[in-house]
Amino acid sequence: MLTNQSLRDQILSLVALYHKKTFANYDFAPGESPVPVSGRVFDSDDLKHLVDSSLDFWLTTGRYAEQFEREFAAFLGVRHALLCNSGSSANLLALTALTSEKLQDRRLKPGDEVITVAAGFPTTVNPIFQNNLIPVFLDIELGTYNVDVSHLEEAVSPRTRAIVLAHTLGNPFNLDAVLEMAQRHNLWVIEDNCDALGSLYRGRRTGSFGDLATVSFYPAHHITMGEGGCVLTNAPRLKTLVESFRDWGRDCWCDPGRDNTCGRRFEWQLGELPQGYDHKYIYSHIGYNLKLTDMQAAVGVSQLKKLPAFIEKRKHNWQRLYDGLKSLEEFLILPIPTEGSDPSWFGFLITVKPNAPFSRGQLIQFLESRKIATRLLFGGNLVRQPAYRGTQYRVVGNLANTDTVMSQTFWVGVYPGLTDEMIDYMIENFHEFCRQEK
Ligand SMILES: Cc1ncc(COP(=O)(O)O)c(C=O)c1O
């Protein structure tokens, strides 16, 4: 007899067959096949999870989201992982949570200052503007591409309340210095861990140090859900605030499809509402809806199983590229892992030295002509982007290295889809270009 379960099993075994037929490996043809910077790496199990979830037709956040949050928090060694629909949303939620009145005198108020850097991805910094706070930009170091901590102290003013920094392209920032200063000045710390999933700092996973941390599951990232993000925290009160801002600003914390988790659904009296107003419809924040679907979370559950292998492959590819390019240091600044760290690299950053006999543009164009994809360090110097013209911010010292990154730096891929053959092809092409330009 055909039961629901046996039908589901048949569908899923067909999905595995479909995956094998459709997404089979193809041979690499040097010069013809692309060498991408990043991409989704998935197997039949990922596709089966996606279809399995679709057959539930639950659609919104559900059983897979609950499973992912539990397993992901355990992987990172944090108490709470809260899924949302992108890394950008995770950054928005993490910072916005700190504006809640429930934090009393530790809440962020309009005009408060947040220390950050201008070299990087826009949505690390955008929530500062979106919450009417003022970013204070510090310069970065070439090589690690993280904040230059020698100016940290100088950046603090009586209005400073928080530090928001990304672990650039997987390389942890100097957490010792940042956390020490944050503690001394009673500042919140948010780690943007979107590009650094699996990185270690002094043996502990990045994303577990800050008051809050964020992760992205966009296809370029260490694991993917297509679109997706996560906020991490060890603090139960911050967890509740992030959830509230994510889920329309509501006061109630029932999961979708559940009622009366608090056991007092019709007994609350908050604000100027009548006594007993349904808790499901009480709003304590001006919130958003940034939840993700259970189909995305289902893919996350199966991707998470592969994360340790993905991390190892990223490290392997990075090291092979580093060893192969080491002899070109006359022309190129190669990436430097932060002291005390073991990065789970997102990409391989290279700065063309000012005395090199070629420009970044020439090198990039050569690589692209050989089908080797390149990327810039996202927005370069964000304050020079059109979006930030006329905005209010402060710069401490100067942004000389940030400007250098904007004009001289780029990166190539180390993602797990790249094979040794592809990495060796990249190395050969760097050498060929440098030989011919010498
Ligand atoms: C450092 C950093 N933060 C945040 C994001 C935003 O993530 P998402 O694309 O999931 O919104 C990215 C995107 O790649 C990123 O690199």
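The values are calculated or read from the model by the stated rules, or taken from the named source; none is laboratory data. Nothing here was measured: the structure is a model prediction, and the numbers come from that model. Cβ sites come from the backbone with ideal geometry, for glycine too, and all protein chains shown count toward neighbours.
Screening the candidates Gly257, Gly249 for the property of being farther than 25 Å from Pro135 by Cβ, away from the ligand (no atom under 15 Å from the Cβ) and among the small types (Gly, Ala, Ser) yields one hit, Gly257. For region 89-100, taking the residues that are within 23 Å of the chain's Cα centre (by Cα) and more than 16 Å from the ligand (Cβ to nearest atom), the one that is surrounded by the fewest Cβ atoms within 10 Å (Cβ to Cβ) is identified as Thr99.
For region 283-296, state whether one or more residues are away from the ligand (no atom under 16 Å from the Cβ), without any contact (Cβ under 8 Å) to a residue 24 or more places away in the chain and not hydroxyl-bearing (Ser, Thr, Tyr). Looking for residues that are away from the ligand (no atom under 16 Å from the Cβ), without any contact (Cβ under 8 Å) to a residue 24 or more places away in the chain and not hydroxyl-bearing (Ser, Thr, Tyr), one finds none in region 283-296, hence no.
So that you can scan it fast, the table gives a plain yes or no per residue for (1) touching a residue at least 60 places away in the same chain (Cβ under 8 Å); (2) more than 16 Å from the ligand (Cβ to nearest atom):
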| site | (1), (2) |
| --- | --- |
| Gly361 | no, yes |
| Gln365 | no, yes |
| Ser369 | no, yes |
| Leu377 | yes, no |
| Pro386 | no, yes |
| Gln392 | yes, yes |
| Thr404 | yes, yes |
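Checking the stated criteria, Thr351 turns out to be hydroxyl-bearing (Ser, Thr, Tyr), more than 30 Å from Tyr64 (Cα to Cα) and surrounded by 17 or more Cβ atoms within 10 Å (Cβ to Cβ).
Across region 184-240, the number of residues qualifying as of a type in the set (D, E, K, R) and within 16 Å of the ligand (Cβ to nearest atom) comes to 4. Of the residues screened, Gln183 is one that is surrounded by fewer than 19 Cβ atoms within 10 Å (Cβ to Cβ) and free of Cβ contacts under 8 Å to residues at least 12 places away in the same chain.
Among the residues of region 371-414, the one identified as hydroxyl-bearing (Ser, Thr, Tyr), out of contact with any Leu (no Cβ under 8 Å at 6 or more places or on another chain), in a helix (DSSP H, G or I) and surrounded by fewer than 21 Cβ atoms within 10 Å (Cβ to Cβ) is Ser407. Please verify whether region 120-129 includes one or more residues that are under 17 Å from Pro386 (Cα atoms), away from the ligand (no atom under 11 Å from the Cβ) and surrounded by fewer than 22 Cβ atoms within 10 Å (Cβ to Cβ). Within region 120-129 (the criterion being under 17 Å from Pro386 (Cα atoms), away from the ligand (no atom under 11 Å from the Cβ) and surrounded by fewer than 22 Cβ atoms within 10 Å (Cβ to Cβ)), the answer is yes, since at least one residue qualifies.
Here Leu108, Leu50, Leu83, Leu103 are screened, and the one residue that is assigned to a helix (DSSP H, G or I) and either in contact with an Asp or Glu (Cβ under 6 Å, 6 or more places away or on another chain) or buried (at least 17 other Cβ atoms within 10 Å of the Cβ) (or both) is Leu50.
Just one of the numbered conditions (1) in contact (Cβ under 8 Å) with a residue 40 or more places away in the chain; (2) closer than 25 Å to Gly111 by Cβ; (3) assigned to a loop (DSSP other than H, G, I, E, B) is not true of Leu238: (3). What do you reckon, is Gly207 on the phi > 0 side of the Ramachandran plot and not assigned by TED's automatic domain parsing to the domain that holds Val414? Yes.
Table: residues versus (1) at negative phi; (2) among the small types (Gly, Ala, Ser); (3) modelled with pLDDT of 95 or more.
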site: Ala24; (1), (2), (3): yes, yes, no
site: Phe28; (1), (2), (3): yes, no, no
site: Pro34; (1), (2), (3): yes, no, yes
site: Val37; (1), (2), (3): yes, no, yes
site: Ser44; (1), (2), (3): yes, yes, yes
site: Asp56; (1), (2), (3): yes, no, yes
site: Arg63; (1), (2), (3): yes, no, yes
site: Gln67; (1), (2), (3): yes, no, yes
site: Val78; (1), (2), (3): yes, no, yes
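With respect to the conditions (1) more than 30 Å from Val301 (Cβ to Cβ); (2) within 13 Å of the ligand (Cβ to nearest atom); (3) among the aliphatic types (A, V, I, L, M), Leu103 lacks only one, and its number is (2). Once region 19-55 is narrowed to residues that are small (Gly, Ala, Ser) and either assigned by TED's automatic domain parsing to the domain that holds Arg370 or touching a residue at least 12 places away in the same chain (Cβ under 8 Å) (or both), the residue that is nearest to Leu169 (Cα to Cα) is Ser38.
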